[in-house]
Structure formats: C-alpha cells, structure tokens
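Please read the structure below before turning to the comments.
The values are calculated or read from the model by the stated rules, or taken from the named source; none is laboratory data. Everything numeric here is computed off the predicted structure, so don't read it as measured data. A quick note on method: Cβ atoms are made from the backbone with ideal geometry, for glycine too, and the neighbour counts reach across all protein chains shown.
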Amino acid sequence: MKPLALGYSPCPNDTFIFYALIHGPINTGALKFKEILLDVETLNQKALNTELDLTKISYHAFGHLRDKYSLLRAGGALGKGCGPLIVAKHDYSMEELRDKKIAIPGKLTTAFLLLQLYDPAFARVSRNLPPAPYPLLPVFIEMPFHKIMDAVAKEDVDAGLIIHESRFTYPSYGLRQVLDLGAWWEKETGQPLPLGCIIAKKILGTDLHNKINSLIRRSVEYALENRSEPTEYIKKHAQELSADVINQHIDLYVNDYSLDIGEDGEKAVNEILSRAEDAGIIPKLKNQL
C-alpha cells in the first residue's frame, strides 16, 4: 500500500500530535504516512479538492466536506479557553467593526465561522448578501495567520481575527482584545469549542479509518508520555520559537479531546454545524455525526 498523504499544520499542537506517527517511535505496521505541512486554510482548500487521504482541517471546512470525508475521533482540537480573538490597535467595539477592514486567516476557518455566528452582519459578506439592514459591510482580507498581527499593528487593517499561538503574543504588538470568540461560544452554548479535526476519505473504508484513528491516538499518547522528545521537530516548523509560547500552545490545544472527541465533544460539533446550517453558511445534511 502506498503511503497515505497526511496533511497537518506546522503549529506546535499538530507537530506534537503527529511526531510519533511520522518519525517512527510507534509501530504503524503496514501503514505508512507522508507528511504534508501547510497552513490550515491551505489544507482546507486541498480537502475541498479531495487532494489528501487524511488531513487536519477546520470544523468549518468539514461542514462542506461531510459527503467526501469521515471525521476521526483522535487528533483534533477542541476545548475551553482556546478560541480565536478579535484584536485591534484602537479601542473598537464589535459594532464599530461592521464597516471596517478585518484581516482573517481564511474564509473556511472555524474562527471565521464563529465571527459570522456571533453577528449576522459579518455573515452577509461571505454569503454575497446586500448590507441591509446594516448601512455598510466589513471588508475581509485573507492572509496567513502569522501575518495578521503585524498588519493590524501597522494599521493596514483595522482589526484582525487571530488564531493559534497569536493569542499568547498579540500584546507584544501593542494590540488589545476586542472579543474572545471562544469565551462567547462557551457562554452561549455551555460547550467546548470545536476548532479543528482530522478527517479521512470515505473511500478508505471504516476498517482503515479505525486503524488510522488508533494510531493517531497512540501518537498523541506517546508525545504526552515523552514530552521533550518531539521538541526539535516542533521548533523546526513553529512560527514562534519561544519555548514558553510553544509549551503554552501545546498545553492549551492538546488535551483529552485530542485522544477522543467524547460525547460532549460530539454534542459541541453537532451544535456548531447545526448553527452554521441554520445560518446558511454550510449546506444542510440530514444527519450530523
């Protein structure tokens, strides 16, 4: 069997999770994997074109891919206190941003989905709807997540939607938080926030899905049991090289949900997909998970 193309981001939580699967500490038997490290929005787009056998993607993107890919239970990113932030250089309210330029890390990111669910004014642009009942609409500018804070600091844009380790470093750019979308989600639903997931092509079949899922879980377990071993691999690909930031990132995004989504994780995923369907952001399906 040829190696399975496995896409994931160069962020510390993903390189931590997949280190053992890719670099040999665990026995994968006859299964081999080819790593493809790309930013999350590029992975989202590749999944839309079914270019990858397995990949980490945003739950927002998964909402568009449920006919082609199945959700695996291990390796994802869910939790509390881990959501995307809206940041700005000036003291804006969210209402004041309705007609401003906002940098986003991609239109298929869960971060952008949350922004649209938070306020329908932000959803009208992506759905190509006229401004009414709002006088104007924002302008969304897509860029790699690690460039957003600099663009906000230089006032190339009025605000930025930040993800990953940016939530730990934005104050160093002289920026302030306008809104924590994860905190809003938790207050609104009482559920953990589904950010990213691992999906596998449906044509691979359930038996292979289960084998892959078990290996990903074991890869997570190995990394947790041998915390320092993946360090060199993680630093090689990380945007932020501070050991403290890398460890904060892993501690926040790698948790029990990374081992198995669990019942409360399933409920949270169904909740966010149902809300996205009701808002007309993703296509409706009869069944969720």
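Data table
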quantity	calculated
Breaking point among (1) under 19 Å from Val40 (Cβ atoms); (2) crowded, with 16+ Cβ neighbours inside 10 Å, for Ile212	(1)
Close pairs from the stretch 50-73: first at positive phi, partner part of a helix (DSSP H, G or I) and basic (Lys, Arg), Cβ under 8 Å, at least 6 apart	none
Residue within the stretch 184-203 that is in a helix (DSSP H, G or I), surrounded by fewer than 16 Cβ atoms within 10 Å (Cβ to Cβ) and either in contact (Cβ under 8 Å) with a residue 24 or more places away in the chain or of a type in the set (Gly, Ala, Ser) (or both) present	yes
The stretch 224-234, residues that are more than 20 Å from the chain's Cα centre (by Cα) and within 13 Å of Asn13 (Cα to Cα)	Leu224, Arg227, Pro230, Thr231, Tyr233
Close pairs (6 angstrom Cβ cut-off, 6 or more residues apart or separate chains): on the phi > 0 side of the Ramachandran plot in the stretch 164-178, surrounded by 21 or more Cβ atoms within 10 Å (Cβ to Cβ) anywhere	His164/Cys11; His164/Phe145
Residue in the stretch 172-185 that is assigned by TED's automatic domain parsing to the domain that holds Asp264 and among the small types (Gly, Ala, Ser) present	no
Top-ranked residue in the stretch 127-157 [being under 18 Å from Glu41 (Cβ atoms) and of a type in the set (Phe, Trp, Tyr); ranked as modelled with the highest pLDDT]	Phe140
Looking only at the stretch 216-241, and only at residues there that are polar (S, T, N, Q) and without any contact (Cβ under 8 Å) to a residue 24 or more places away in the chain, the one that is surrounded by the fewest Cβ atoms within 10 Å (Cβ to Cβ)	Ser228
Out of Leu21, Leu78, sole residue that is closer than 19 Å to Lys2 by Cβ and surrounded by 20 or more Cβ atoms within 10 Å (Cβ to Cβ)	Leu21
Residue that is surrounded by the most Cβ atoms within 10 Å (Cβ to Cβ) [pool: residues in the stretch 98-115 that are assigned to a helix (DSSP H, G or I) and at pLDDT below 95]	Arg98
Residue match in the stretch 268-277 (condition: closer than 26 Å to Leu4 by Cβ and exposed (fewer than 15 other Cβ atoms within 10 Å of the Cβ))	no
